[in-house]
Amino acid sequence: MTSRAGEAFSTDRAIYDIEALLAVDLPAGGSAVREGDPETGEWTATRGDGFEIRPIWESEGLTGVYGRDWNEAEEAAAENLALVVRELDRRWGPHRPVSMRVPLFRARAGEPILPLFQSLCDVDCYGDLAVWEPVNPSGRWVGVSVNQCDGDAPMILTAVVSNRPIIELAD
């Protein structure tokens, strides 16, 4: 899944990772590239024209987890996202929700979508984003979401930084 497998969740570490992501050099042009850990191949980042996406936490796998245990795992992942969102709201002001519904349906229909949204879909990050408009002098936007590609896969908390607006796509 991701290079973050097996790590316990920490709000402080998640915030630190997002702040570090704000400082990376973003590609200027070219196609999006998915990067992996050199030893395991696990996803570490996706970089594209003006953006970078990274996993910042991954739950345990949910193979064989059903009913109340699965619901608790989903609730724990949502709470981890809420903790990160509350801290970023405190720092940067209220976030704006950006739905992944339109990019998901366009991607499934084979219609073109913005490279950032296509890259999120390519790594199964279909969760709606909490987005903050430019949060630093360089004008970078930040988004976070929690995702799961299928019922047995782990929950993944993902962060994205972009030097372009992250806005809701029209239907």
Legend entry - Tabulated pairs, the stretch 4-25, first under 27 Å from residue 139 (Cα atoms), second of a type in the set (S, T, N, Q), C-beta under 7 angstrom, 6+ apart or interchain: 22/136
Inset, instruction - Starting from the stretch 122-143, take each residue that is loosely packed, with under 15 Cβ neighbours inside 10 Å and list its partners that are assigned to a loop (DSSP other than H, G, I, E, B), counting only C-beta distances under 6 angstrom and pairs at least six apart or across chains. - result: none
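Of the residues that sit in the stretch 24-36 and are loosely packed, with under 12 Cβ neighbours inside 10 Å and of a type outside the set (Gly, Ala, Ser), which one is nearest to residue 12 (Cα to Cα)?
Pass one, the stretch 24-36, residues loosely packed, with under 12 Cβ neighbours inside 10 Å: 25, 28-31, 33.
Narrowing the set further to residues that are of a type outside the set (Gly, Ala, Ser) leaves 25, 33.
Working: 25: 23, 33: 28 Å.
Per the stated criteria, the residue is 25.
Results for (1) outside any helix (DSSP H, G or I); (2) in contact with a Pro (Cβ under 9 Å, 6 or more places away or on another chain); (3) at pLDDT below 95, shown as yes or no for each residue.
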| site | (1), (2), (3) |
| --- | --- |
| 5 | yes, yes, yes |
| 9 | yes, no, no |
| 13 | no, no, no |
| 18 | no, no, no |
| 21 | no, no, no |
| 26 | yes, no, no |
| 29 | yes, no, yes |
| 38 | yes, no, yes |
| 52 | yes, yes, no |
Inset, instruction - Hey, can you tell me all the residues within the stretch 1-31 that are over 22 Å from residue 77 (Cβ atoms), over 15 Å from the mean Cα position of the chain (by Cα) and of a type outside the set (S, T, N, Q)? - result: 23, 24, 25, 26, 27, 28, 29, 30
Inset, instruction - Within the stretch 20-52, work out how many residues are of a type in the set (S, T, N, Q) and under 16 Å from residue 166 (Cβ atoms). - result: 1
Inset, instruction - Please list, ordered by first then second residue, the pairs with beta carbon atoms under 7 Å, 6 or more apart or interchain, first in the stretch 44-71 and free of Cβ contacts under 8 Å to residues at least 12 places away in the same chain and closer than 30 Å to residue 134 by Cα, second of a type outside the set (A, V, I, L, M) and crowded, with 18+ Cβ neighbours inside 10 Å. - result: 45/52; 45/54
Inset, instruction - Confirm whether residue 34 is touching a residue at least 12 places away in the same chain (Cβ under 8 Å), assigned to a strand (DSSP E or B), basic (Lys, Arg) and under 17 Å from residue 148 (Cα atoms). - result: no
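Let's see how each residue does on (1) of a type in the set (Lys, Arg); (2) under 18 Å from the mean Cα position of the chain (by Cα):
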{"site": "59", "(1), (2)": "no, yes"}
{"site": "64", "(1), (2)": "no, no"}
{"site": "70", "(1), (2)": "no, no"}
{"site": "87", "(1), (2)": "no, yes"}
{"site": "90", "(1), (2)": "yes, no"}
Inset, instruction - Identify all residues within the stretch 54-65 that are surrounded by 18 or more Cβ atoms within 10 Å (Cβ to Cβ) and either of a type in the set (Val, Ile, Thr) or assigned to a strand (DSSP E or B) (or both); write none if there are none. - result: 54, 55, 56, 57, 58
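The values are calculated or read from the model by the stated rules, or taken from the named source; none is laboratory data. Keep in mind that what you see is a predicted model, and the values were worked out from it rather than measured. Methodologically, a virtual Cβ is constructed for each residue, glycine included, from the backbone with ideal geometry; neighbour enumeration extends over all protein chains shown.
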